[in-house]
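For reference, the structure is listed below as structure tokens.
Throughout, read-outs are computed from the coordinates displayed, never taken from laboratory work. Being a predicted model, the structure only gives us computed values, none of them experimental. Glycine also receives a Cβ, built like all others from the backbone with ideal geometry; neighbour counts cover every protein chain displayed.
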Amino acid sequence: MKVVAMIGSPHKDGPSTRLALEAVRGARDAGHEVTVYYLNDMNVRGCQGCGTCKNNGIDCILQDDLKPYWGKLHEADALILSAPNYAANVCGPMITYMNRHYCLIDKNWKPRIHPGIQVIALFAQGNGDREMYMDVYRWFVADFENRKMVTKDLIVHVRDDGEVTPEHPLAKRAYQAGATL
Ligand SMILES: Cc1cc2nc3c(=O)[nH]c(=O)nc-3n(C[C@H](O)[C@H](O)[C@H](O)COP(=O)(O)O)c2cc1C
């Protein structure tokens, strides 16, 4: 199975990245091939709203660091997404990345990618109320579900959960999600 991971936090050692890497580890241990992207290291522009994708039924034509990603995604069976919460929402760069998936809907508003890509979504927030931002996390994954992807797990880390080590219950859950793709 092929898996793509998009890590959204600038913190390579923060809770959202650590959880994502546990899901990646689980997937690799299960024998899957995982390609990991670190969004903060990439040059990724916002959707230009040019309509070229929709009018021509093609992937985004922007020549930036997402270019190789589209091919990987078309081959993928699973997508691991992680992000911190900034200003009561998913961090801006991840929303920019999410917006770029506009190209996966055709001009008849039908998804232009194979159905059933499994999504594992991992979010980290400071606020201790795990439910507080659930609506925005669900809104975020809904954009992928609208492309016939299926959310396998959605995990939220709150500050009081503490450091994410492989023994942490949330890390075990993330690992398990990856291992059972
Ligand atoms: C610019 C900024 C805005 C933030 N806004 C919120 C917020 O609105 N609500 C919240 O619960 N946490 C907020 N946080 C805290 C982060 O979500 C929290 O520290 C999270 O654990 C960071 O995860 P990461 O280290 O994986 O990136 C904010 C942090 C930053 C830097």
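With contacts taken as Cα pairs under 8 Å and at least 6 residues apart, region 2-179 reaches a relative contact order of 31 percent.
Place +1 on the Cβ of every Lys and Arg and -1 on the Cβ of every Asp and Glu in the chain, take the dipole about the Cα centre, and give the residue among 57, 42, 71 whose Cα lies farthest towards its positive end. The residue sitting farthest along the positive end of the dipole is 57.
Volume of the convex hull of region 78-126 (Cα atoms only), normalised per residue: 81 Å³. The base-10 log of I(q)/I(0) for the chain, evaluated at q = 0.08, 0.10, 0.14, 0.16 Å⁻¹, reads -0.23, -0.36, -0.71, -0.93 [Debye formula, identical scatterers on Cα atoms, solvent excluded].
What the Cα convex hull of region 26-107 gives, in volume per residue, is 113 Å³. Can you classify region 119-181 as rounded, prolate or oblate using the Cα gyration tensor, where a ≥ b ≥ c are the square roots of its eigenvalues, rounded means a/c under 1.5, and otherwise it's prolate if a/b beats b/c and oblate if not? It comes out oblate by the Cα gyration axes. Nearest 20 debye, what's the magnitude of the dipole of the chain about its Cα centre given +1 on Lys and Arg Cβ and -1 on Asp and Glu Cβ? With only Lys, Arg, Asp and Glu charged at Cβ, the dipole is about 580 debye. Rounded to the nearest Hz, the phi-derived 3J(HN,Hα) couplings of region 89-95 under the Karplus curve 6.51 cos²θ - 1.76 cosθ + 1.60 (θ = phi - 60°) are 8, 5, 4, x, x, 6, 5, where x marks glycine and proline. When each of the peptides 17-29, 81-93, 152-164 is scored by the mean number of other C-beta atoms lying within 10 Å of its residues, the order from highest to lowest reads 17-29, 81-93, 152-164.
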